[in-house]
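Chemist: What follows is a structure written as structure tokens; I'll ask about it next.
Read the figures in this text as sums done on the coordinates, not as results from a lab. Nothing here was measured: the structure is a model prediction, and the numbers come from that model. Ideal geometry is used to build each Cβ from the backbone, glycine not excepted, and the neighbour counts take in all protein chains shown.
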Amino acid sequence: MAHNPLRQSPLAHLGLIARAGQGADDAGIILTEAPFTDHIGLRGDGADTAFAGAVEKVLGFALPISPNTVTGKAKKTALWLGPDEWLIVVPFGAADKLIAALGKALTDVHSAVFDVSDSRTVISLSGANARHVLAKGCGLDLHPRTFGPGSCAQSTLALAHILIHQTDTAYRLYIHRSFAEYLWAWLEDAGAEFGVSISTP
Amino acid sequence: MSAQKNRLGNGGRINRGKPLRFTFNGRDYQGYEGDTLASALLANNSGAVARSFKYHRPRGIYSAGVEEPNAVVQLETGARTRPNLQATEIELYDGLSATSVNCWPTVEFDIGAINSLAARLLPAGFYYKTFMWPKSFWMTYERVIRNAAGLGKAPTAPDPDTYHKCHAHTDVLVVGGGPAGLAAALAAGRTGARVILAEQEHDFGGRLLSERGDIDGIPAGDWVGLALAELNAMEEVTVLGRTTCFGYYDHNYLGMVERCHINAAKSMLEPKDGPSERLWRVRSHQVVLATGAIERPLVFADNDRPGVMLAGALRAYLNRYAVRPGRKAVIFTNNDDAYRSAIDLHDSGVEVTALIDLRVDPDGPLPDAARARNIQVMDGWVITRVLGNRRLRAIEIQRLTADGGAITGEARRIDCDVLGSSGGWNPVVHLHSQSGAKARFDDALQSFVPGPARQAERSAGAANGAFALDDCLGQGHAAGLEAAKLAGFKSKSKTKRPTAESIDEAPLKAMWIVPGEAKPGHGSKHFIDLHNDVTVADIELAAREGFHSVEHVKRYTTLGMGPDQGKTGNIPGMAVLAGALDTEIASVGTTTFRPPFTPVTYGALAGRDIGEFSDPARKTALHHWHEQASALFEDVGQWKRPWYYPKAGETMQDSLNRECLAVRHGVGILDATTLGKIDIQGPDAAEFLNRIYTNAWSKLAVGRCRYGLMLGEDGMVMDDGVTARLAENHFHMTTTTGNAARVLGWLEEWLQTEWPELKVYCNSVTEYWATMTVCGPRSRDLLAEFTDIDLSAEAFPFMSFKQADVGGVAARIFRISFTGELSYEINVPASHGLGLWTALMTAGEKYGITPYGTETMHILRAEKGYIIVGQETDGTMTPNDLGMDWIVSTKKDFIGRRSLSRTDCTRPGRKQLVGLLTDNPSEVLPEGAQLVFDVKPQPPMDMVGHVTSSYYSAALGRSIALAVVKGGADRMGETIHAPLIGKTVNCKITGPVFYDPDGSRIDGA
Amino acid sequence: MFLIPCPWCGERDEEEFSYGGEAHIERPKDPDALSDAEWADYLFMRKNPKGTHFERWNHAHGCRRWFNAKRDTVTHVIEAVYKMGEEKP
């Protein structure tokens, strides 16, 4: 948060950085808030080559067309949200330029590009019992046979709407900011029986 | 502490090295690890442990499982107390304390037993017949009846334990850990399929635990151990003990409760690590039901005396718990299986004084084995009398006539202190039936067995009517393979199924009521449902009184309505009903099997969805600032909104007055973040808004805002809000806080299902923006310190929009007003919200900037006569009713338009929005108060409307109210009355705008 | 709880969906041409069959798409799902 003293994550007042590293070494759950990545909402017809082609040119990779999958690179990913809806995740500060570039590339194509960076924060969940904690509140089948790195899905976790993206190392939980405090508390509670450790991004 | 008189010196699955102390009805006892409360009580020769529900007759332990109707207890006291638990289902732990329910003051001396003498006064339907007059007295009667019935006591303190829930997905769920279930789980697990095996008891093996025999040439208990070891070693197999599958729902969704807290080493009273119970919600591709069977009793005179038990339960106590259930045993049966009990009792040194078989000349290996032990087999005889009130002393038997319909000859007396009866076994078809399938009546078994499956399930073993051990193993194995295969997993190698010796059994002979000296109900009682004291006579009476449907008979007699849900009594009850109606059992049918199979605690169902987790509290980016400022919060949907900000020494009204006057005379600031915000883009966006809103949008200039009213297709007001045109094809819509998700859903529904040709994308940006409304005559001065743009009324007029830098942050500013004052709604990305708000507060100090909450917002808008959807409207108000026909276009179609010309929407006498001024200016009407034109001394009065909003207005120095009144628009100036308790408030009907009716303040003072 | 096959996301728990009532009810092209009774019929009257029912669902907590389903109201078997605008199976 040194980059902008005015910006605050929805979990800022929980003092997570101060609490980091206090959990047991063998904690089954590792929780991290990973705030302040930039998020762009993108709408358009994925089956329309004019749209998909224009976007691919700007992003440098093709949008995921297969439902509930993710494409991209480490610092720029696109998450499938619906047949005409994606979430593009880029590092802090990169949204404005990309929005402008997408807007320009899509001038003549029916589409919508909009900044949603501040709509959600991301909670990263890892550890040996990560899947068990999610199973307490989420009806998705997250077994490796059906869900793995590169998968994403929208569903409900506890009583909140959630977007889950599994990476090679963690589940990234995209949570709307007004629900973030609720969900964080729920995750700590649900993870308690496995031991919770808080870490810094 | 009394000794365990009935404990055998060896055998059983108890740990004699681990004695456990416990208290029952205030008396101290000892049992062993591995005991249930019931087995420990029997070991201590407990005798009567309960009183029955209606007649308060003494009752003893009857069964060894979930079917127990008698031994119903209250476990522990205080916050962890649990009522109505079956002693057969309670694993013993050190320090356990339990008491009987249904008796007052004690089991030995029970005042309610007087009911037994007055039994003739308590026939079926007694409560319905007696307590329905006068009708209004039912509440009084009910209280007395409940006290007398004593169905246990709910805890009064909050439950100190935690309960968790989890979802599970699996290829094959196997319910039941007996021989069939274990064989099924092994077969399915070996294919690599994901398997969950759930067993309601802590020990796996089911009936094997209670029997003597071998599987695959080794003792069955050893085989169970090997099977479990193999299952536990499989990565994709989850083995769950102490887990009851209680419900089978749609699309192979099953509910299970895992009791995690039970541990013989640990008292239930101690706090535990982790959850007390865990609710499993399982979605399984395929299900194998290996739920076993429950024995049914024979129904004879006074078959409820302590010492009368199920025959299978006798050998369960003997073999599993090493408890001798009595010294002198009698077995009464209509089938071969009960011979096993006689044989096991005999082999353990219990004297079997007689085996009474109502069949003539039973033949086969089991009868032969009994005879070989010199057990006296009395075939063709039945029990006609039971002697002993608090404890079985003897029975009398008589010979059946040749046709079996009556008794004949001299009675013979046989001494005994325990009696096991068996009328055959009923497959546990509960889950199968809950799945939607219909159980079928099997004539050979005289019971219901699973019918054709309706979901992806199959039954195996005893649950499927195959009682022989070898059949259980074979069916279980086949079912496991089939389920795995249908879930996509083929057997990798040929695995052999487990086998056991086959023993031939002759068919049973059905006899639903054992004939006696007198007809049932005359002198003695033939009990069907021991828990609820339902007798043969009750069912026959119900049939005579015209109750022919089994569902009606159940409710009229309370058959099967106790905590045991009639697991022993239902089938005999249906058979007796069939007899009374002179029809077949199959055509009487069963009552509907509903979840749960056994009782489930509220704690498990609630899980962690309690307290702070019962409903998410949505918080704005400014929430913690409000908390620091001592705001009180109001729930609006899931949002927490500041209600008002009290200062020390202020009453609520003082705070509101201060906040209101600050906005009217200086500057106030409101957190409006919770308003719904929808980003609308596309070439057809304006046309889309034309169809969604009642007014026209095509000509709205870029940079301008417009208020819009949204109707349902029924013409009723659904939502309202201001929408700004950001660009030719780009709009920013706002909705009410509570309707944000609903409105977005509404827009999507029309776009996707009705108008897919419209090129429009709608997206929620509610969470993206933090919104603060700076409002009041000094708001321009304040905002000018944060932005370079021209804020003059000419450059930035009312109902317009600017994209601008505010305090270093890219913001959207809307010059709109919900108060009638000069007002700027500033939107910044949410993470910047707190920074900007704090800066505004600091800079605003010199203007006396005052944060205000929703209550002040409501007062200020009511002063201006602005409606709130959901307060002035209730789903029955049209724009016309609200006096808002000015916003309804007549030149285009829109959702709801056609409905506005329906006769009901145009008729005179509809309720219309008006203002009310009380004659007494300091009187504030209660919201919701009914209004009348003609006051009568007492109700009923002709109600013509009600108060929708009512406040004290500091700006006006008097109370104001909004109301809806029939034909109100035509009755301006008339007097209307609000009859309240103890007084009637008189008011004048006015227009709804109380403050600054010509809008002169909108550009600032 | 139903297991509903979203045409895009596949099988998901019912709690992710919202129900949209009877399918294939078209909004009249010219509402003014309808009598009050005909308009009321469009507005309020819905089929409630025992057996096959064509109905709308919205994958509200998933991909937000509306789709149609053919469901047996007795057995609750969902016999087919199909996208908006596609032919009834």
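Chemist: Run the reach check for A:K76 against lysines, Cα to Cα strictly under 25 Å, same-chain hits fewer than 8 apart removed. What comes back?
Modeler: A:K57, A:K97, A:K104
Chemist: Under the rule of at least 5 residues apart or a separate chain, name every residue whose amide H is placed under 5 Å from the amide H of B:G205.
Modeler: B:G177, B:G178
Chemist: In nm², what is the average projected area of the convex hull enclosing the Cα atoms of the stretch B:297-423?
Modeler: Computed as one quarter of the Cα hull surface, the answer is 7.0 nm².
Chemist: Additional query: Quick one: Karplus J couplings for the stretch B:176-187, per residue in order, coefficients 6.51, -1.76, 1.60, θ = phi - 60°, nearest Hz, x for Gly and Pro?
Modeler: Rounded to whole hertz, the list is x, x, x, x, 5, x, 5, 5, 5, 5, 4, 4.
Chemist: Along each principal axis of its Cα atoms, how long is the stretch B:441-498 end to end? Whole angstroms, biggest number first, please.
Modeler: Between the extreme Cα coordinates on each principal axis of the stretch B:441-498 lie 40, 27, 10 Å.
Chemist: Another question, if that's okay. Over the alpha-carbon set of the stretch B:819-886, work out the extent along each principal axis and list the three values in angstrom, largest first.
Modeler: Each principal axis gives a Cα extent; for the stretch B:819-886 these are 44, 26, 22 Å.
Chemist: Right, something else. Using the beta-carbon distance between B:D615 and B:E927 and R0 = 25 Å, what value does 1/(1 + (r/R0)^6) give for FRET efficiency, to the nearest 0.05?
Modeler: 0.55
Chemist: Which far-off residues, 5 or more places away or on another chain, put their amide H under 5 Å from the one on B:L419, with H placed in the peptide plane?
Modeler: B:V308, B:M309, B:V330
Chemist: Moving on to the next point. P(r) for the protein assembly as shown: what percent of alpha-carbon pairs falls in each 20 Å bin, starting at zero?
Modeler: Histogramming the protein assembly as shown at 20 Å steps yields 9, 31, 31, 22, 7, 0 percent.
Chemist: Kindly state, to the nearest 0.05, the FRET efficiency for B:A648 paired with B:Q628, given R0 = 22 Å and r defined as their beta-carbon distance.
Modeler: 0.90
Chemist: Evaluate the Kirkwood expression for the hydrodynamic radius of the stretch C:2-89, namely the inverse of the mean inverse distance over all pairs of different C-alpha atoms, and round to one decimal in Å.
Modeler: For the stretch C:2-89, inverting the mean 1/r across all distinct Cα pairs yields 14.1 Å.
Chemist: DSSP loop GluC sites (Glu not before Pro) in the stretch B:521-629 with at most 15 other Cβ atoms within 10 Å of their Cβ, which ones?
Modeler: Listed in order of number, the matching sites are B:E545, B:E584.
Chemist: Quick one: plug the Kirkwood hydrodynamic radius of the stretch B:511-583 (C-alpha pairs) into Stokes-Einstein at 25 °C, 0.890 mPa s, and report D in µm²/s.
Modeler: 204 µm²/s
Chemist: Same structure, new question: What are the residues whose amide H is under 5 Å from the amide H of B:V944, where those residues sit 5 or more places off or on another chain and H is modelled from the backbone?
Modeler: B:L931, B:V932, B:F933
Chemist: Right, another one. Estimate the FRET efficiency between A:S66 and B:T495 by the formula 1/(1 + (r/R0)^6), using the beta-carbon distance for r and 41 Å for R0, to the nearest 0.05.
Modeler: So the FRET efficiency works out to roughly 0.65.
Chemist: Among the lysines, which fall within straight-line cross-link reach of B:K619, defined as a Cα-Cα distance under 24 Å, with same-chain neighbours fewer than 8 residues apart omitted?
Modeler: Filter leaves A:K136, B:K640, B:K647, B:K677.
Chemist: Could you name the lysines in cross-link range of B:K18, using Cα to Cα under 16 Å and dropping any fewer than eight places away on the same chain?
Modeler: By straight Cα distance, B:K18 reaches B:K266.
Chemist: How big is the charge dipole of chain B about its Cα centre, in debye rounded to the nearest 20, if each Lys and Arg gets +1 on its Cβ and each Asp and Glu gets -1 on its Cβ?
Modeler: In debye, rounded to 20, chain B gives about 1260.
Chemist: Does the stretch B:207-366 come out rounded, prolate or oblate by the C-alpha gyration tensor, with a ≥ b ≥ c the root eigenvalues, rounded set by a/c under 1.5 and, if not, prolate when a/b is larger than b/c and oblate if not?
Modeler: prolate
Chemist: Please list 3J(HN,Hα) in residue order for the stretch B:287-301, calculated via the Karplus relation 6.51 cos²θ - 1.76 cosθ + 1.60 where θ = phi - 60°; whole Hz, with x for glycine and proline.
Modeler: Values per residue, Gly and Pro as x: 10, 10, 9, 10, 8, x, 9, 10, 6, 10, x, 8, 9, 9, 5 Hz.
Chemist: Could you list, bin by bin from short to long, the percent of Cα-Cα pairs of the stretch B:659-782 in 5 Å steps?
Modeler: Distribution as computed: 2, 11, 19, 21, 18, 13, 8, 5, 2, 1, 0 percent.
Chemist: Please identify the trypsin sites (Lys or Arg not before Pro) of the stretch A:75-161 that satisfy two criteria: DSSP loop assignment and at most 14 other Cβ atoms within 10 Å. Which are they?
Modeler: A:K75, A:R145
Chemist: I need the fraction of alpha carbon pairs in chain B separated by more than 51 Å, rounded to a whole percent.
Modeler: 44 percent
Chemist: Do the sum for chain B: with -39,500 (n - 2.57) for every DSSP H run of n ≥ 4, divided by all residues, what is the mean residue ellipticity at 222 nm, to the nearest 500 deg cm²/dmol?
Modeler: Roughly -6000 deg cm²/dmol at 222 nm, from the helical runs in chain B.
Chemist: Tell me, what ³J(HN,Hα) does each residue in the stretch B:987-996 have, in order and in whole Hz, if you take phi through Karplus 6.51 cos²θ - 1.76 cosθ + 1.60 with θ = phi - 60° and put x for Gly and Pro?
Modeler: 3J(HN,Hα) across the stretch B:987-996, in whole Hz: 9, 9, 7, 9, x, x, 9, 9, 10, 6.
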